[in-house]
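Notes to accompany the following structure.
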């Protein structure tokens, strides 16, 4: 018998969409400048996809190093595999897009954008990335990886003035991660059964 998801697809989608609404409201209420036209849409999509593939490749290489990440992430990767298996591919793609758009509106657009008005850019990137890592906290190792991804996305946003680029990067990264976790769990040491 197939197990039921812990969270319905609708609830998961509404939650991820809600993050974007919160980010957008913060941007509007506090008048935070958001940069989206630093590069053309085509360039944003190209570099977003390329960056997500490169980021995923680096993380995959790190998980291959004995004793470094794989063992400390084993339980989280198992949870994420079950999560990926709970939903249809359509829902997983929608969740990835909602996460890419919504989380980047909140963490890079609203939080990093607000912080850059008050502290140097580097400090804003670090602080927004730490918040991003804390929100994704499943374990200390997962926090470090999420914070690292936040640092990369924050730096790319600061360098390119393109929120669209980091949205694409984040969404495609999530799609790749969910696809690989669902289709090839053995790559991550996830035992099925």
* How far, in degrees from 0 to 90, does helix 70-86 lean away from the longest principal axis of the Cα atoms of the chain, to the nearest 10? -> 90
* To do: Sort 22, 29, 49, 168 so the one with the fewest other Cβ atoms within 10 Å of its own Cβ comes first.
  => 29, 22, 49, 168
* Structure fact -> With label points set 7 Å from each Cα along the Cα-to-Cβ direction at residue 28 and residue 50, the distance between them in nm comes to 3.5
* To do: Working from Cα positions, state the angle (0 to 90°, nearest 10) between the long axis of helix 89-104 and the longest principal axis of the chain.
  => 30
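Give me the mean projected area, in nm² to one decimal, of the convex hull enclosing the Cα positions of the chain. Please report the intermediate quantities before stating the final value.
Details: hull surface 44.2 nm².
The orientation-averaged projected area of the Cα hull of the chain comes to 11.0 nm².
Using the count of nearby Cβ atoms within 10 Å as a rough guide to exposure, how do 137, 179 rank from fewest to most? Can you show the working numbers first?
Numbers: 137 11, 179 15.
Arranged by neighbour count, lowest to highest, 137, 179 become 137, 179.
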* Structure fact -> Simple spin-label estimate for residue 180/residue 161, 7 Å along Cα→Cβ, in nm, reads 3.4
* Once both axes come from the Cα atoms, what is the angle between helix 9-30 and the longest principal axis of the chain, in degrees from 0 to 90, rounded to 10? -> 20
* Quick one: order 64, 182 by neighbouring beta-carbon count within 10 Å, fewest to most. => 64, 182
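Quick note: the coordinates plus some simple rules give every number you see, no bench work behind them. Because the structure is predicted, anything quoted here is derived from the model rather than measured. Every residue, glycine among them, receives a Cβ derived from its backbone with ideal geometry; neighbour counts consider all protein chains shown.
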